[in-house]
1. Conditions first: (1) assigned to a helix (DSSP H, G or I); (2) of a type outside the set (Phe, Trp, Tyr); (3) surrounded by fewer than 18 Cβ atoms within 10 Å (Cβ to Cβ). Glu372 passes all but one, so which condition is the exception?
2. Any idea which of Leu107, Leu161, Leu129, Leu152 is at negative phi and within 13 Å of ligand 2 (Cβ to nearest atom)?
3. Right, Phe387: assigned to a strand (DSSP E or B) and either more than 19 Å from Phe174 (Cα to Cα) or not β-branched (Val, Ile, Thr) (or both) or not?
4. Could you run through the range 124-147 and say how many residues are within 12 Å of ligand 1 (Cβ to nearest atom) and surrounded by fewer than 16 Cβ atoms within 10 Å (Cβ to Cβ)?
5. Looking only at the range 299-324, how many residues end up being farther than 18 Å from Ala223 by Cβ and touching a Leu at 6+ places or on another chain (Cβ under 7 Å)?
6. How do the pairs read when you match residues in the range 377-398 that are modelled with pLDDT under 95 and of a type in the set (A, V, I, L, M) with residues anywhere that are more than 16 Å from ligand 2 (Cβ to nearest atom) and outside any loop (DSSP other than H, G, I, E, B), using Cβ under 8 Å and keeping only pairs 6 or more apart or on different chains?
7. What's the total number of residues in the range 223-237 that are touching a Leu at 6+ places or on another chain (Cβ under 8 Å) and surrounded by 21 or more Cβ atoms within 10 Å (Cβ to Cβ)?
8. Could you look through the range 308-325, keep only residues that are in a loop (DSSP other than H, G, I, E, B), farther than 14 Å from Cys172 by Cα and not basic (Lys, Arg), and pick out the one that is farthest from ligand 1 (Cβ to nearest atom)?
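The values are calculated or read from the model by the stated rules, or taken from the named source; none is laboratory data. In this text the structure is predicted, and so the values were computed from the model without any measurement. We place every Cβ from the backbone using ideal geometry, glycine too, and count neighbours over all the protein chains shown.
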Amino acid sequence: MTLEHTASPAEAGEAPIHHLKPAVDPATLTWRTPRRDAFWQQIPAWRDVDHATFGDFLWQEKHAITSSKRLVDSVRELVSDDFIADVEAGFAQAPMAVRISPYLMSLIDWSAPHTDPIRRQFLPLASDLEPDHPMLTLDSLHEQADAPVPGLTHRYQDKALFLALDTCPVYCRFCTRSYAVGLDTEQVEKVQIKASKSRWDRAFQYLRERPEVEDVVISGGDAYRIKADQLLEIGETLLAIPHIRRFRVATKGLAILPMRIKAGDPWTEAVTTLSDKARKLGKDMAIHTHFGHANEITGFSEDMMRLFQERGVLVRNQAVLQRGVNDTDQAMLEMTRKLGFINVHPYYVYVCDMVRGVENLRTTVATALSLEKRLRGSTAGFNTPTFVVDAMGGGGKRDAHSYEHYDRETGISVYTAPSVKEGQLFFYYDPLSALSPDIQAAWQDAGKREEMLQAAIAAARANLR
Ligand SMILES: *Cc1c(COP(=O)(O)O)cnc(C)c1O
Ligand code: SF4
């Protein structure tokens, strides 16, 4: 039989194939076609910017928006005066420094900025702000308490978190490390974890002295801010420690400045070199990035992942669950499928940490449970993220489902972490706005607060017996 003529089932005398389900309409497979239009030309200042210029990483860095004035100037023609006043007041109250790439700015739908998922993540509006939960503390994850050397957190037996520096290519409102990352703001004075050779050397020395450590996360701040030669040096130093079997480079850069990843770019080449060296040594290296919404994934992201895929560089994603951003079935499904389609593995979705000024972005543990239920089964298991709560007080990441007790009325969930801190209880608190008015009032009363906490502790202990 030749390939020119394929017999129809009727000619071949075979029965036609019975489709058990109707075929899916290709028009609904929206995640397969990331946008490649000149979306930045909606911003007046960039109306004449061509694809090559906009796709240039240095141009992006040079035009990063770092003040409310520059932000307002660039969108003044597109938004109402009320919105401008709201942004200006939001910036004045934000505990984070502000930095946003032209790429992200252009992906915001400026005809609906109040509800836009990218705007919500990066640009604070005064009208969005909700009072912080009474149980909130700065450095809620105890990263400093678990740090034997400044900027090195050793919480889990076999893995360590190395904060190489304290700057980022963007500043996220929900950042857990707002205790350290970014410039001081009107609201918060930061802990210093500057890029410093002597501090790094102390961290490496500590790691050499701890044979149980097999896994190092290089983070910050953000590894996009580590110079290529320094990243190589850090990576090679870690690879030379025999007991270190794997490391990850954590950066949000891939999500917010994908145009940097090109052949010949020093950072891209450094990552590739480290990935190759690790592989030759029988070790494992990956990049962990942080997409928060499907709208952040464009043709630029697809091109970036083509290059990484060709070079064998593995990329995983850690998203933060945020209200009004990715807390619906549709938003979470779309992001998950879009990531999978470009070969980024969705690894974690974090229930938003309790940090200052982001109460309006937090959701409940119940939301995480419900999203997980909908997601699982929709795509490959390895492309299905685990929903985790990073327990306050240093319990580490817990599967959101693994609580010992969860009271949806008071919003208190209680976790244990036997491999991390045996015998301790760890708590997460749903945002007050998700609770009934009575319970919200109870949280403001010290006596009732204590009662609710004691009841949760008793229920968790009873469950543990
Ligand atoms: C998240 C984290 C790690 C890495 O944990 P994984 O679950 O392996 O991703 C390591 N150390 C600290 C302190 C962390 O917060
Ligand atoms: S990039 Fe990461 S470390 Fe930097 S502000 Fe955002 S979440 Fe925090």
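1. (3)
2. Leu161
3. Yes; evaluated as a whole, the condition is true for this residue.
4. Residues in the range 124-147 being within 12 Å of ligand 1 (Cβ to nearest atom) and surrounded by fewer than 16 Cβ atoms within 10 Å (Cβ to Cβ): 1 in total.
5. Qualifying residue count for the region: 2.
6. Here the result reads Ala391/Arg398; Ala391/Tyr415; Ala391/Phe426; Ala391/Phe427; Ala391/Tyr428; Met392/Phe426; Met392/Phe427; Met392/Tyr428, each pair linking the range 377-398 to a residue that is more than 16 Å from ligand 2 (Cβ to nearest atom) and outside any loop (DSSP other than H, G, I, E, B).
7. 5
8. In this case the residue turns out to be Gly324.
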